[in-house]
Amino acid sequence: MSLQGKRILIAKPGLDGHDVGAKVIALALRDAGAEVIYTGLRKAPDFIANVAVEEDVDAVGLSILSGSHLELVAETARQLQALDGGAIPLFVGGTIPAEDHAALNAAGARGIFTADMKIKDVVAAIDAELG
């Protein structure tokens with residue numbers, strides 16, 4: 001498994017101020033060979049989409065613990081589409097109930113990762129998606 005040469009944006013949309021999980025995933029992706037860009041806390045979906053397009057990333061990962069995942073994923077996907085970045089795979093991780101997975105997939109999420117998943121499995125899933 002290698003994400004060598006892949007550029008992945010990790011972002012914390014919304015008002016959630018807890019970013020330990022995002023940083024753990026960012027480090028795991030880096031260790032797998034990816035170049036990781038971390039936007040920091042409390043970024044708006046339009047800011048995230050702009051950075052993703054400007055930085056020409058291969059994927060965007062959103063870390064959301066606030067319960068606003070449905071709205072934030074949908075809005076980030078809309079913003080990416082508006083900037084001709086709709087083909088950029090969008091992943092989401094955090095506190096996400098199983099009953100929301102179908103809606104997140106319909107909104108554009110290509111992968112959904114929860115706290116009970118092993119980090120190596122998250123990295124492997126992203127690697128498989130980005131091929």
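The values are calculated or read from the model by the stated rules, or taken from the named source; none is laboratory data. This one's a predicted model, so the numbers in the text were calculated from it and none came from an experiment. As a convention, Cβ positions derive from the backbone with ideal geometry for all residues, glycine included, and neighbour counts pool all protein chains shown. Please note that ligands, DNA and RNA were not included when accessible areas were found on the heavy atoms of the full protein model with its side chains. Shrake-Rupley method; radii C 1.70, N 1.55, O 1.52, S 1.80 Å.
So the values come out like this:
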{"item": "Label point at Asp84 placed 7 Å out along Cα→Cβ; residues across segment 25-46 whose backbone nitrogen lies under 16 Å", "result": "none"}
{"item": "Calculated Rg and Dmax of the Cα atoms in Å (choose from [x] 15.8, 55; [y] 13.0, 35; [z] 13.9, 46), label", "result": "[y]"}
{"item": "Under 12 Å, Cβ to Cβ, from Arg7 - net charge with Lys/Arg +1 and Asp/Glu -1", "result": "-3"}
{"item": "Gain upon complete extension [Glu35, Ala128; 0.36 nm per residue less C-alpha separation]", "result": "31.8 nm"}
{"item": "Neighbourhood net charge (13 Å Cβ-Cβ; Lys/Arg +1, Asp/Glu -1) for Asp56", "result": "-3"}
{"item": "Gly61 long-range amide H proximity, modeled H, under 5 Å", "result": "Leu9, Ile10, Ala11, Phe91"}
{"item": "Cα gyration tensor shape for segment 1-61, rounded if a/c is under 1.5, else prolate or oblate", "result": "oblate"}
{"item": "Efficiency of FRET between Ser66 and Arg7 - r from beta-carbon atoms, R0 41 angstrom, step 0.05", "result": "0.95"}
{"item": "Percentage relative contact order, the chain, counting C-alpha pairs under 8 Å, at least six apart", "result": "26"}
{"item": "The chain, helix-only ellipticity at 222 nm - DSSP H runs n ≥ 4, -39,500 (n - 2.57), divided by all residues, nearest 500", "result": "-12500 deg cm²/dmol"}
{"item": "Gaussian network model of the chain, springs between alpha carbon atoms under 10 Å - residue of Val57, Val36, Val24 with greatest fluctuation", "result": "Val24"}
{"item": "With DNA, RNA and ligands ignored, accessible area of Asp56 (1.4 Å probe; Å², nearest 10)", "result": "110"}
{"item": "Inter-probe distance in nm under a simple model that places probes 7 Å from Cα toward Cβ, at Arg42 and Val24", "result": "2.4"}
